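Asks: Got a structure for you, questions after.
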Amino acid sequence: MITGALGYVGSHIAVLLSKNPNFDLFLIDNFENSSKDTLKKIKFLCKSKINFFEMDIRNSLTISDFIKSKNIKTIIHCAGLKSVKNSELHPDEYEEVNVTGSYTLLNSFINSNNKKDELNFIFSSSACVYGKPVYLPYDELHPTNPFNNYGHNKVSIENMLNKKVRQTDNLKVVSLRYFNPVGAHDSYLIGDRPSGYPENLMPIINEVAKNKSSKLEIYGNDYNTPDGTAVRDYVHILDVAQGHLSALKYLFNCKKKSYEVFNLGSGKGISVLELIDTFQRVNKLKIPYFFGKRRKGDLPEYFADTSKAKKILNWSPTKNLDQMCFSSWKFENTL
Ligand code: NAD
Ligand code: UD1
């Protein structure tokens with residue numbers, strides 16, 4: 001079962017897992033940040049019959065009935081709200097959907113199954129749990145010290161999952177801390193298309209590329225980085241999806257209860273200007289931009305140490321920045 005399966009991350013995982021005939025896939029979403037159109041595209045890409053159910057993770061009765069009736073033993077939990085800005089404006093709503101929602105989902109999962117059944121759970125966490133770097137690259141042992149409500153939600157959920165594993169004999173959990181997922185599926189039919197105006201850099205670049213009149217505002221060019229703009233770790237969405245398949249294999253092979261955390265990033269720091277240059281070069285177009293002030297809450301620089309995922313999950317990113325920029329723009333232009 002994949003929650004938030006019509007969203008950016010969930011849809012790519014769903015399409016990847018649908019290629020494996022051993023999985024019976026159940027996709028759930030409440031259309032908070034997704035559309036019927038995406039569902040149509042997922043169905044097309046999955047070819048096999050997709051089982052989609054409109055459902056809210058906060059509805060414990062419906063979720064419990066569903067888990068029992070479909071005999072769900074594995075959940076990939078991508079449903080949630082992800083706007084850092086809105087998490088500051090609407091902290092209660094974020095707490096309710098992200099933290100209470102995850103708690104409800106996990107409890108329903110445990111209580112709807114037999115104590116002897118092995119239960120597997122993968123959670124979409126984020127690099128923002130780390131906060132201000134004590135050292136770089138961040139490895140999984142780096143202290144967690146988030147500075148926005150969204151990041152606090154992720155830490156609360158991770159702590160809750162860890163605690164549940166300690167209390168439950170048959171539960172195995174992996175939290176995957178994504179860095180900055182970008183790019184699109186190689187059919188270019190699914191990608192990052194939020195319902196409102198985008199807040200993340202790559203979909204904003206797509207918007208600027210489409211509408212020649214507006215300019216991209218670069219948030220700050222006075223950071224202590226090679227070109228003065230902020231540095232992030234961009235990772236292709238198909239590599240992120242593959243990370244979930246690797247985590248599933250790890251959980252299926254794991255014979256005792258466990259809680260593990262893994263970074264999913266490229267391991268490379270890329271500045272905003274480098275990303276724009278690459279986007280312009282591979283897509284042969286110009287992105288007009290100007291330098292604005294630093295965005296409140298932004299860190300100058302961070303990137304991942306991915307050696308734990310390589311060693312234990314046998315996962316490494318395979319796609320480069322050119323492929324991320326190319327697929328992102330191609331998706332934007334494919335109806
Ligand atoms: P998304 O908004 O595209 O997808 C989330 C999906 O969850 C949407 O389809 C939405 O309709 C659904 N949803 C929201 N509330 C729900 C609810 N109460 N019940 C059922 N469905 C609900 O976001 P995404 O980029 O795919 O992110 C997926 C997860 O990964 C989120 O938890 C996000 O915080 C995390 N994450 C994303 C990024 C990123 O850059 N995309 C980075 C780090 C972590
Ligand atoms: C943001 C969140 C982070 C979350 C991640 C994925 C903040 C402070 N952090 O990370 O918690 O896990 O999204 O959802 O919001 N930029 C511009 N101009 C723009 C937009 C962005 O210069 O119009 C810059 C930003 O300053 C940043 C980089 O581009 O340096 C990437 O920004 P963004 O895509 O929003 O991701 P993060 O801020 O890294």
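The values are calculated or read from the model by the stated rules, or taken from the named source; none is laboratory data. The structure presented is a predicted model; accordingly, all values stated were derived computationally and were not measured. As a convention, Cβ positions derive from the backbone with ideal geometry for all residues, glycine included, and neighbour counts pool all protein chains shown. Keep in mind that these areas ignore ligands, DNA and RNA; they rest on the heavy atoms of the full protein, side chains included. Shrake-Rupley method; radii C 1.70, N 1.55, O 1.52, S 1.80 Å.
Asks: Do any helices (runs of 4 or more DSSP H) lying entirely in the stretch 48-103 carry at least 1 residues that are within 13 Å of ligand 1 (Cβ to nearest atom) and among the β-branched types (Val, Ile, Thr), and which ones are they? It would help to see each step written out before you state the result.
Replies: Values: elements: 60-70, 84-89, 91-94.
Because the criterion is at least 1 residues that are within 13 Å of ligand 1 (Cβ to nearest atom) and among the β-branched types (Val, Ile, Thr), the helices (runs of 4 or more DSSP H) in the stretch 48-103 that meet it are 60-70, 84-89.
Asks: List pairs: first in the stretch 258-279 and over 14 Å from GLY228 (Cβ atoms), second charged (D, E, K, R) and part of a helix (DSSP H, G or I), Cβ under 6 Å, 6+ apart or cross-chain?
Replies: PHE262/LYS308
Asks: Hey, any hits in the stretch 117-136 for a residue that's more than 10 Å from ligand 2 (Cβ to nearest atom), crowded, with 18+ Cβ neighbours inside 10 Å and in a helix (DSSP H, G or I)?
Replies: So far as the stretch 117-136 goes, no, none of its residues is more than 10 Å from ligand 2 (Cβ to nearest atom), crowded, with 18+ Cβ neighbours inside 10 Å and in a helix (DSSP H, G or I).
Asks: Residues to consider are LYS164, LYS154; find the one that is surrounded by 24 or more Cβ atoms within 10 Å (Cβ to Cβ) and part of a helix (DSSP H, G or I). Show your work before the answer.
Replies: Details: LYS164 fails: surrounded by 24 or more Cβ atoms within 10 Å (Cβ to Cβ).
The conditions single out LYS154.
Asks: Here's another thing I want to ask about it. Please enumerate the residues belonging to the stretch 210-250 that are away from ligand 2 (no atom under 14 Å from the Cβ), within 27 Å of LEU176 (Cβ to Cβ) and outside any helix (DSSP H, G or I).
Replies: HIS236
Asks: Hey, among the residues in the stretch 1-28 that are closer than 24 Å to GLY196 by Cα and not hydrophobic (A, V, I, L, M, F, W, C), which one's surrounded by the fewest Cβ atoms within 10 Å (Cβ to Cβ)?
Replies: Among those residues, the one meeting the criterion is TYR8.
Asks: Next up: Within the set of pairs 6 or more residues apart or between chains, which connect a residue that is more than 14 Å from THR229 (Cβ to Cβ) and within 15 Å of ligand 1 (Cβ to nearest atom) inside the stretch 296-309 to a residue that is at pLDDT 95 or above and open to solvent by 40 Å² or more (accessible area, probe 1.4 Å) with Cβ atoms less than 6 Å apart?
Replies: If the second residue must be at pLDDT 95 or above and open to solvent by 40 Å² or more (accessible area, probe 1.4 Å), the pairs left are PHE303/PRO137; ALA304/PRO137.
Asks: Which one is most open to solvent (accessible area, probe 1.4 Å) among residues in the stretch 249-283 that are aromatic (Phe, Trp, Tyr) and in contact with a strand residue (DSSP E or B) (Cβ under 9 Å, 6 or more places away or on another chain)?
Replies: Filtering the stretch 249-283 down to residues aromatic (Phe, Trp, Tyr) leaves 250, 252, 259, 262, 279.
Adding the requirement that they be in contact with a strand residue (DSSP E or B) (Cβ under 9 Å, 6 or more places away or on another chain) leaves 250, 252, 259, 262.
Numbers: TYR250: 47, PHE252: 80, TYR259: 43, PHE262: 0 Å².
Selected residue: PHE252.
Asks: Okay, next question. Does the stretch 29-40 include one or more residues that are buried (at least 23 other Cβ atoms within 10 Å of the Cβ) and either assigned to a loop (DSSP other than H, G, I, E, B) or not hydroxyl-bearing (Ser, Thr, Tyr) (or both)?
Replies: Step one: list which residues in the stretch 29-40 are buried (at least 23 other Cβ atoms within 10 Å of the Cβ), which gives 29.
Narrowing further to those that are either assigned to a loop (DSSP other than H, G, I, E, B) or not hydroxyl-bearing (Ser, Thr, Tyr) (or both): 29.
Scanning the stretch 29-40 turns up at least one residue that is buried (at least 23 other Cβ atoms within 10 Å of the Cβ) and either assigned to a loop (DSSP other than H, G, I, E, B) or not hydroxyl-bearing (Ser, Thr, Tyr) (or both).
Asks: List the pairs whose first member sits in the stretch 30-41 and is touching a residue at least 40 places away in the same chain (Cβ under 8 Å), whose second member is within 16 Å of ligand 2 (Cβ to nearest atom) and not in a loop (DSSP other than H, G, I, E, B), and whose Cβ atoms are under 9 Å apart, counting only residues at least 6 apart or on separate chains?
Replies: From residues that are touching a residue at least 40 places away in the same chain (Cβ under 8 Å), the pairs are GLU32/VAL97; ASN33/TYR8; SER34/TYR8; SER34/GLY10; SER34/SER11; THR38/SER11; LYS41/SER11.
Asks: Among the residues of the stretch 274-287, are any aliphatic (A, V, I, L, M), closer than 26 Å to PHE44 by Cα and assigned to a loop (DSSP other than H, G, I, E, B)?
Replies: Narrowing the stretch 274-287 to residues aliphatic (A, V, I, L, M): 275-276, 282, 285, 287.
Those left that are additionally closer than 26 Å to PHE44 by Cα: none.
No: the stretch 274-287 contains no residue that is aliphatic (A, V, I, L, M), closer than 26 Å to PHE44 by Cα and assigned to a loop (DSSP other than H, G, I, E, B).
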